[in-house]
1. Any idea which of (1) modelled with pLDDT of 95 or more; (2) more than 12 Å from the ligand (Cβ to nearest atom) is the one PRO177 doesn't satisfy?
2. Identify the residue in segment 180-204 that is out of contact with any strand residue (DSSP E or B) (no Cβ under 6 Å at 6 or more places or on another chain) and of a type in the set (Asp, Glu) and, among all such residues, is nearest to GLY96 (Cα to Cα).
3. For ALA37, only one of the following conditions fails: (1) more than 8 Å from the ligand (Cβ to nearest atom); (2) within 24 Å of PRO187 (Cα to Cα). What is its number?
4. Within segment 129-149, can one find any residue that is within 19 Å of ALA202 (Cβ to Cβ), touching a residue at least 24 places away in the same chain (Cβ under 8 Å) and hydroxyl-bearing (Ser, Thr, Tyr)?
5. If you check PHE32, PHE124, which single one turns out to be at pLDDT 90 or above and surrounded by fewer than 21 Cβ atoms within 10 Å (Cβ to Cβ)?
6. Please indicate, with yes or no, whether at least one residue in segment 6-18 is within 12 Å of the ligand (Cβ to nearest atom) and either in contact with a Gly (Cβ under 7 Å, 6 or more places away or on another chain) or not in a helix (DSSP H, G or I) (or both).
7. Which condition breaks for VAL152 when tested against (1) in contact (Cβ under 8 Å) with a residue 40 or more places away in the chain; (2) more than 9 Å from the ligand (Cβ to nearest atom); (3) of a type outside the set (D, E, K, R); (4) in contact with a Phe, Trp or Tyr (Cβ under 8 Å, 6 or more places away or on another chain)?
8. How many residues does segment 84-112 contain that are more than 19 Å from MET206 (Cβ to Cβ), more than 12 Å from the ligand (Cβ to nearest atom) and of a type outside the set (Ser, Thr, Tyr)?
Amino acid sequence: MGCVHEETFRAMRQSIIDGAPEAAATLAQKSFVLGIAPLEAIDQGFVPGMNDVGEQFTLRTVFLPDMMAAAEAMKAAMNVLEPVLKQQGTERPCAGKVILGTAKGDIHEIGKTLVGTLLTAHGFQVHDLGVDVPSDHFAAAAADLAADIVGVSALLTTTMRGQKAVVEAIEHAGLRPRVKVIVGGAPVTRRWAEEIRADGYAKDAMRAVALVQGLMGSHSDTIRVS
Ligand code: B12
């Protein structure tokens with residue numbers, strides 16, 4: 001027996017594969033009426049569509065314009081779902097300050113933005129530096145805004161080294177260990193995070209929230225002990 005929303009999820013996935021922003025936005029709206037939680041729509045409907053397009057790109061059965069159209073459709077869906085996700089965090093006391101951005105040379109923003117939205121929904125104050133961010137900008141922002149956590153996203157194997165550069169920049173600025181650096185993005189692994197001495201890694205946005213909550217916990221522990 002399939003899930004009752006299986007057909008809607010399939011249509012969501014297809015709207016991304018088709019690169020159809022209007023269909024994606026309409027389906028996102030429809031999810032509210034059907035009682036599908038925004039995160040469920042993202043995880044089970046829209047993101048599998050992005051993954052499908054990515055796989056087909058590797059197999060050369062779709063090309064760059066298709067991937068761009070898919071990203072536009074994803075953004076259209078997120079524009080509808082994001083305000084609802086964020087709303088959940090507005091009345092909470094600030095749980096911590098997080099700076100987010102995509103590593104230098106990398107313009108993939110969807111995953112990073114989703115992590116930011118979920119952190120906001122869980123009461124964190126998020127400053128999004130955008131895409132293609134040089135490592136020293138992360139360090140400068142961390143100092144200026146007195147951030148607790150800096151999160152660096154990388155979707156290309158070639159831009160992962162930008163994450164290492166951020167760890168080093170935060171260290172050179174004398175901000176470690178107070179400021180924690182976390183990393184993520186499709187090619188990033190726990191092993192890579194350990195290798196570059198990042199403070200944490202998460203595979204998806206929900207796990208990123210748990211990671212940040214954990215690090216904020218250990219942060220106040222450190223203060224208590226010292
Ligand atoms: C959409 C897309 C694009 C769009 C981006 C649009 C945009 N505005 O973001 C466009 C078309 C512009 C694009 C361009 C390119 N892309 Co592209 N793209 C993708 C695609 C299909 C989906 C990425 C995505 O949005 N996924 C959905 C989100 C929700 O998932 P996510 O990003 O992984 O994020 C989640 C987690 O990783 C994690 N996370 C993410 N960031 C962070 C940060 C922290 C701190 C934490 C804790 C967690 C975390 O949480 C997120 C939410 O759950 C992927 C394939 C794939 N499946 O990854 C290829 C892919 C990443 N692209 C690829 C390539 C090659 C390119 C180009 C070089 C193509 C070209 N020839 O020009 C360019 C590079 C441009 C550049 N300089 O950055 C390759 C990378 C190969 C590699 N190993 O390096 C991939 C894997 C496709 C493939 N199979 O070959 N791309």
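1. PRO177 satisfies all of (1) modelled with pLDDT of 95 or more; (2) more than 12 Å from the ligand (Cβ to nearest atom) except (1).
2. Result: ASP204.
3. If we test ALA37 against (1) more than 8 Å from the ligand (Cβ to nearest atom); (2) within 24 Å of PRO187 (Cα to Cα), just (2) comes out false.
4. Scanning segment 129-149, I find no residue that is within 19 Å of ALA202 (Cβ to Cβ), touching a residue at least 24 places away in the same chain (Cβ under 8 Å) and hydroxyl-bearing (Ser, Thr, Tyr), so the answer is no.
5. Working: PHE124 fails: surrounded by fewer than 21 Cβ atoms within 10 Å (Cβ to Cβ).
Sole residue among the options that is at pLDDT 90 or above and surrounded by fewer than 21 Cβ atoms within 10 Å (Cβ to Cβ): PHE32.
6. Here is the first cut: in segment 6-18, the residues within 12 Å of the ligand (Cβ to nearest atom) are 16-17.
Okay, now just the ones that are also either in contact with a Gly (Cβ under 7 Å, 6 or more places away or on another chain) or not in a helix (DSSP H, G or I) (or both), so 16-17.
Yes, some residue in segment 6-18 is within 12 Å of the ligand (Cβ to nearest atom) and either in contact with a Gly (Cβ under 7 Å, 6 or more places away or on another chain) or not in a helix (DSSP H, G or I) (or both).
7. (2)
8. 4
The values are calculated or read from the model by the stated rules, or taken from the named source; none is laboratory data. Computed from a predicted structure; not experimentally measured. Using ideal geometry, Cβ is built from the backbone for each residue, glycine included, and neighbour counts are taken over all protein chains shown.
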